[in-house]
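Chemist: There's a structure below that I have some questions on.
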Amino acid sequence: MSTMRNSVLLIGRPAEDVLESPVAFSLVVTEKVRDKETNDYKDYSQTFRCVCENERTASRMIGRVQKGKQIAIDGSLRVDNEAHYEILINDFFLIDKPDK
């Protein structure tokens, strides 16, 4: 049960290609939210800074994680020295196949 204390699972699209180590990129997560006044659905996007310090996972991400291709991220939330929030990646799953 202790492994669930700081756990994040996000599905989104990277804002840039992952081409080199250290792995760090922005992940855009979009969801549909209903406007209470108009009753219409609108897209609501949030951007999360993601970093991977695990060398094995990072090496798998390089060249495979591409801008705009949907991925799932499993990780944890942390605050860096300047009080910025970021997602520390433990593992990932490619939902969209990468271009070759």
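Chemist: Being surrounded by 16 or more Cβ atoms within 10 Å (Cβ to Cβ) and over 14 Å from Gly12 (Cα atoms): is that true of Ala58 here?
Modeler: In short, yes.
Chemist: Val33 passes all but one of (1) more than 18 Å from the chain's Cα centre (by Cα); (2) among the β-branched types (Val, Ile, Thr); (3) modelled with pLDDT of 95 or more; which number fails?
Modeler: Against the list (1) more than 18 Å from the chain's Cα centre (by Cα); (2) among the β-branched types (Val, Ile, Thr); (3) modelled with pLDDT of 95 or more, Val33 comes up short only on (3).
Chemist: Okay, next question. Within the set of pairs 6 or more residues apart or between chains, which connect a residue that is under 19 Å from Arg13 (Cβ atoms) inside segment 72-100 to a residue that is aromatic (Phe, Trp, Tyr) and assigned to a strand (DSSP E or B) with Cβ atoms less than 6 Å apart?
Modeler: Correct list of pairs: Ala72/Phe93; Ile73/Phe92; Ile87/Phe48.
Chemist: Still on this structure, I have one more. If Glu20 passes every condition in (1) under 23 Å from Asn6 (Cα atoms); (2) in contact (Cβ under 8 Å) with a residue 24 or more places away in the chain but one, which one does it miss?
Modeler: (1)
Chemist: Consider segment 5-14. How many of its residues are over 14 Å from Met61 (Cα atoms) and in contact with a Lys or Arg (Cβ under 9 Å, 6 or more places away or on another chain)?
Modeler: Count: 1.
Chemist: Can you list the strands (runs of 3 or more DSSP E) found entirely within segment 1-65 that contain at least 1 residues being under 25 Å from Asp99 (Cβ atoms) and of a type in the set (S, T, N, Q)?
Modeler: 23-34, 41-52
The values are calculated or read from the model by the stated rules, or taken from the named source; none is laboratory data. A quick note: this is a predicted structure, and the numbers were derived from the prediction, not measured. Note that we place each Cβ from the backbone using ideal geometry, even for glycine, and neighbour counts take in every protein chain shown.
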